[in-house]
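**Student:** Before anything else, here's the structure in question.
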Amino acid sequence: MLAAADELELSAVWARRREAADQVARDAGAAAVATFDELLERCDAVAFAVPPDVQAALAPRAAARGRHLLLEKPAAATVAGAAAIADAAEAAGVATQLVLTYRFTEPVRAFLRSVAGTPVRHVRVAWIGGGALAGSPFATPWRQAPGAALLDLGPHAFDLVEAVAGPVREVRAAESGGVVTATTHHGGGAVGHVALSVTTPGEGGFEALAVTDDGRHTLADPWPERPDDVWRAITGEFARAVRGAARQPLDAAHGLHLQRILAAGQESTRTGSPVRLPTEP
């Protein structure tokens, strides 16, 4: 994605395993570097493809060096980690963008346009798949931990239900057999339902439904057969944010907000009780 971008140049690659950095750099036509500090010396911005806790440790270092941040989701493994990234980015005045990939697809954007301007009464998002099952390239250790579906798919799902129905004010969540379910209550009075799994065998799928005062709106799996337009949207919007030409609403502060919702879901799963979220400015 980065190597093919019109407005970005992939200059260097660093990985915790040097052989991985060498291979990625070779395939993408970039240089491999030996340390994270050397990476920072050779770039204006950093794109992260690491586990959430590693991103939370590295991204503030990059921001402190004045490097813009293209962030994986979730922003971190904890609220404190996400806050560290958001605070460092704000202090340094760098641009940030959270790669909530589906929000950059035209079907999702059309779905959000279709529900705009009319009261939403109910929203439902289901994302059921087997990405953490053995043999999948996504079956990384953090995705195989208990409750991983919430951290992995939750940012996508809660971001979408909020984009449809407004801020989440309360979460009640539960988990059964690797399937996480959550009921959300929103500031405008809407009720949402979310179902997530990364350990369900068979063909996976994504779907969303919004019930508004003007009818029923549905969204089937929006992923295109050719994702080049999605990659261009992600890199183009990031480049514009770096230049200061446009504010990116899906930024590190939004990542922190989503992290608070995830934490509320985790707490509710543990206690069996609903969790209220603080009203944010």
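**Student:** May I ask you to list the residues in the stretch 151-160 that are farther than 11 Å from Leu258 by Cα and hydrophobic (A, V, I, L, M, F, W, C)?
**Tutor:** Passing the criteria: only Leu153.
**Student:** Residue pairs, Cβ under 8 Å, 6 or more apart or interchain, first in the stretch 171-182 and touching a residue at least 40 places away in the same chain (Cβ under 8 Å) and surrounded by fewer than 24 Cβ atoms within 10 Å (Cβ to Cβ), second part of a strand (DSSP E or B) and β-branched (Val, Ile, Thr). List them.
**Tutor:** From the stretch 171-182, the pairs are Arg172/Thr183; Arg172/Val275; Ala174/Val180; Ala174/Thr181; Glu175/Thr181; Val179/Ile128.
**Student:** I'm trying to understand the selection: among the residues of the stretch 86-95, which are more than 20 Å from the chain's Cα centre (by Cα) and either closer than 15 Å to Trp223 by Cβ or surrounded by 15 or more Cβ atoms within 10 Å (Cβ to Cβ) (or both)?
**Tutor:** Across the stretch 86-95, the qualifying residue is only Ala92.
**Student:** If you go through the stretch 115-150, how many residues are surrounded by 19 or more Cβ atoms within 10 Å (Cβ to Cβ), part of a loop (DSSP other than H, G, I, E, B) and out of contact with any Pro (no Cβ under 6 Å at 6 or more places or on another chain)?
**Tutor:** Applying the first criterion (surrounded by 19 or more Cβ atoms within 10 Å (Cβ to Cβ)) to the stretch 115-150 yields 115, 120, 123, 125, 127-132, 143, 148-150.
Filter again for part of a loop (DSSP other than H, G, I, E, B), leaving 129-132.
So of that shortlist, the ones also out of contact with any Pro (no Cβ under 6 Å at 6 or more places or on another chain) come out as 129, 131-132.
Of the residues in that region, 3 qualify.
**Student:** Among the numbered conditions (1) in a loop (DSSP other than H, G, I, E, B); (2) at pLDDT 95 or above; (3) farther than 20 Å from Ala77 by Cβ; (4) among the aliphatic types (A, V, I, L, M), tell me where Ala239 comes up short.
**Tutor:** Here Ala239 meets the rest and fails (1).
**Student:** Being modelled with pLDDT of 95 or more and not in a helix (DSSP H, G or I) is the filter here; which residues of the stretch 249-281 pass it?
**Tutor:** Pro249, Leu250, Asp251, Gly272, Ser273, Pro274, Val275, Arg276, Leu277
**Student:** In this structure, does Ala59 turn out to be surrounded by 23 or more Cβ atoms within 10 Å (Cβ to Cβ), in the same structural domain as Arg247 (by TED's automatic domain parsing) and touching a strand residue (DSSP E or B) at 6+ places or on another chain (Cβ under 9 Å)? So that I can check it myself, show each step before the final result.
**Tutor:** Details: surrounded by 23 or more Cβ atoms within 10 Å (Cβ to Cβ): yes; in the same structural domain as Arg247 (by TED's automatic domain parsing): yes; touching a strand residue (DSSP E or B) at 6+ places or on another chain (Cβ under 9 Å): yes.
Considered against the rule, which asks whether it is surrounded by 23 or more Cβ atoms within 10 Å (Cβ to Cβ), in the same structural domain as Arg247 (by TED's automatic domain parsing) and touching a strand residue (DSSP E or B) at 6+ places or on another chain (Cβ under 9 Å), Ala59 comes out as yes.
**Student:** Yes or no: the stretch 81-93 includes at least one residue that is without any contact (Cβ under 8 Å) to a residue 40 or more places away in the chain, of a type outside the set (Asp, Glu) and not in a helix (DSSP H, G or I).
**Tutor:** Yes: the stretch 81-93 contains one or more residues that are without any contact (Cβ under 8 Å) to a residue 40 or more places away in the chain, of a type outside the set (Asp, Glu) and not in a helix (DSSP H, G or I).
Quick grid of which residues meet (1) buried (at least 19 other Cβ atoms within 10 Å of the Cβ); (2) without any contact (Cβ under 8 Å) to a residue 40 or more places away in the chain; (3) out of contact with any Cys (no Cβ under 9 Å at 6 or more places or on another chain):
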| position | (1), (2), (3) |
| --- | --- |
| Val194 | yes, no, yes |
| Glu203 | no, yes, yes |
| Leu209 | no, no, yes |
| Asp213 | no, no, yes |
| Arg226 | no, yes, yes |
| Arg232 | no, no, yes |
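**Student:** Whether any residue in the stretch 96-114 is more than 30 Å from Ala220 (Cβ to Cβ) and either within 20 Å of the chain's Cα centre (by Cα) or crowded, with 17+ Cβ neighbours inside 10 Å (or both) is what I want to check.
**Tutor:** Within the stretch 96-114 (the criterion being more than 30 Å from Ala220 (Cβ to Cβ) and either within 20 Å of the chain's Cα centre (by Cα) or crowded, with 17+ Cβ neighbours inside 10 Å (or both)), the answer is yes, since at least one residue qualifies.
**Student:** If you scan the stretch 34-60, which residues turn out to be among the small types (Gly, Ala, Ser) and under 23 Å from the mean Cα position of the chain (by Cα)?
**Tutor:** Selection gives Ala45, Ala47, Ala49, Ala56, Ala57, Ala59.
The values are calculated or read from the model by the stated rules, or taken from the named source; none is laboratory data. What you see is a predicted model; the values in this text were computed from it and never measured. Cβ sites come from the backbone with ideal geometry, for glycine too, and all protein chains shown count toward neighbours.
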